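First up is the structure itself, then whatever we jot down about it.
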Amino acid sequence: MKKKLLVIEDEKSVAKQLRWGLDEEYDITIASDAEQAKPLLTSGLFPVATLDLGLPPYPDTPQQGFALLEEIASLAPHTRVIVITGNAEDNNAIKAIALGAADFYAKPIDLKILKIILSRTFRIQELEDANRRLQLQSSKSGSLCGMIGISSAMHKVFERLRNAGKTDYPVLITGNTGTGKEMAAHAVHSLSKRAEKPLIIINCGAIPENLLESELFGHEKGAFTGATGRQIGKFELADGGTIFLDEIGELPLLLQVKILRFLQESTIERLGGAKTLQLDVRIIAATNINLQEAVQQKTFREDLFYRLNVVPLRIPDLQERPEDILLLAHNFLQEEARAMRRGQLSFTPSAMSALTLHSWPGNVRELQNRIRRALGTTTDSSITSTDLGLDQQAGKEQEQKLTTLKEARDTSEKNAVQQALALSGNNISQAAKLLEVSRPTLHDLLKKHDINTSS
């Protein structure tokens, strides 16, 4: 199979030359400006792109090309970009490399040299991609594909994710807002045989109903007012890979029928088109509503529910996995600290207590946002409960939870064990030293409080 190459080039003669000279080795897609290029870049289909710095509306300057190059860092962080410059534009080439370009070549085009640059760039991208897959699939304790947890609840989730990755069946992910359903979808895709292919994400509740069909299945020119050209839908972009339908419960009944048809026949038709397209796409769906209740209320098709619910996967609320709170908090804190170049940061004892006592109605997303809030409001290296906005809640919940001396002792003991595990990176020997107990005693405490540290 030919490797996919995106050519961002406004000069038709140059684009034609590149297609003619490279077509035998590469599957080439041409984008003539930034607006055409952006959706193609976000599709995840193109490991390498060439970019002419002189793009409309200012083709005689590198302004638009540099702007797009900067955007690519967030739109398609794993796409390596080769920049095209004029023959006497060394400064532009240097600036492009500084902005993240993988390489550059100058006009007029020498296809032999360009082929060498492309071959080298694709090889480097393949090595980087392989390294990312190894990191995602690493079996380090308490994590799987970026999801973190030492609780028994999360170990069950990890087991189901691994099993889901071994099959090609539809997956239905359920859980409340902020629990990590999209991350679970990424994990299933990364652990599957489709990991090399695109994962296309669409939020069914975020797109107006009159536009959703076109987004999912695409449209032909003239399909409706304003359809000035053909648009490829998300299902086609996901061909060979996976499509993640978030908030599937918000899907209108008419489109539910079309999703059902795809699950039955693996075919779609573009809006306004007569041609039936055969696709190879795995569906992962997610919802924070009770779909069985929606079936009873006639707002969700029963046959579609059973077609999607082949591999059910529920992501627990954060309050159902209290052992994971501090582990997640420390992980988020260090991630944000690295991103902000803040050095080593830590939580004060009062902050750790507040973190474990809060009920977390917004789940993991709320935890991450509170840590970001803290880093945005303080420059200290120690994060307090006040920085997290949890000082009042902690006091109130402590009154509600600690009703007896035994409960207070057990809660304090369990919190201490969780904190030690989080601080030690889940290392039993180091955690025992922090607690000033022996390893056998710590194992007894882990068993007593049902804290599971095995991966």
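Bear in mind these aren't lab numbers, they're just calculated from the coordinates by the rules spelled out. Quick caveat, the model's predicted, so the values are computed rather than measured. Cβ atoms come from the backbone with ideal geometry, glycine included; neighbour counts cover every protein chain shown.
Couple of notes before you dig in:
- When the Cα atoms of region 7-130 are aligned to their principal axes, the ranges along those axes come out at 38, 31, 25 Å in descending order.
- Rounded to the nearest 10 degrees, the angle from helix 253-265 to the longest Cα principal axis of the chain is 80 degrees.
- Mean Cα-pair separation over length for the chain, i.e. relative contact order, pairs under 8 Å, 6 or more apart, %: 13
- Amide hydrogen neighbours beyond the local backbone of F347, cut-off 5 Å, H modeled: I383
- Here the Karplus curve 6.51 cos²θ - 1.76 cosθ + 1.60, taken at θ = phi - 60°, turns the phi angles of region 42-59 into couplings of 6, 5, x, 7, 10, x, 9, 9, 9, 9, 7, 5, x, 10, x, x, 10, x Hz, with x standing for Gly and Pro.
- Segments 227-234, 145-152, 205-212 sorted - mean Cβ within 10 Å per residue, highest first: 145-152, 227-234, 205-212
- Cβ crowding within 10 Å ranks Y105, Y26 as Y105, Y26, fewest other Cβ atoms first.
- With neighbours defined as other Cβ atoms within 10 Å of a residue's Cβ, the residues W20, W360 order from fewest to most as W20, W360.
- Here's the list of aspartates and glutamates a cross-link from K448 could span, going by alpha-carbon distance under 12 Å and ignoring same-chain residues fewer than 8 apart: D410, E413.
- Its residue count N fixes a reference of 2.2 N^0.38 Å for region 143-316, and the Cα radius of gyration divided by that reference is 1.04.
- Close Lys-Lys pairs in region 3-135, where close means Cα under 25 Å and separation is 8 or more or interchain: 27
- Between D280 and Q36, the contour length at 0.36 nm per residue exceeds the alpha carbon distance by 85.3 nm.
- About its Cα centre, the chain has a charge dipole of approximately 1080 debye under the convention of +1 per Lys or Arg Cβ and -1 per Asp or Glu Cβ, with nothing else charged.
- The chain: angle of helix 439-448 to the longest principal axis, Cα-based, in degrees nearest 10: 90
- The C-alpha atoms of the chain define a longest principal axis, and helix 363-377 lies at about 90 degrees to it.
- Viscosity 1.567 mPa s, temperature 4 °C, Stokes-Einstein D of the chain from Kirkwood C-alpha radius, µm²/s: 52
- Sorted by Cβ neighbour density within 10 Å, fewest at the top, the residues K414, K221: K221, K414
- The order of the peptides 430-436, 377-383, 176-182 by mean Cβ neighbours within 10 Å, most packed first, is 176-182, 430-436, 377-383.
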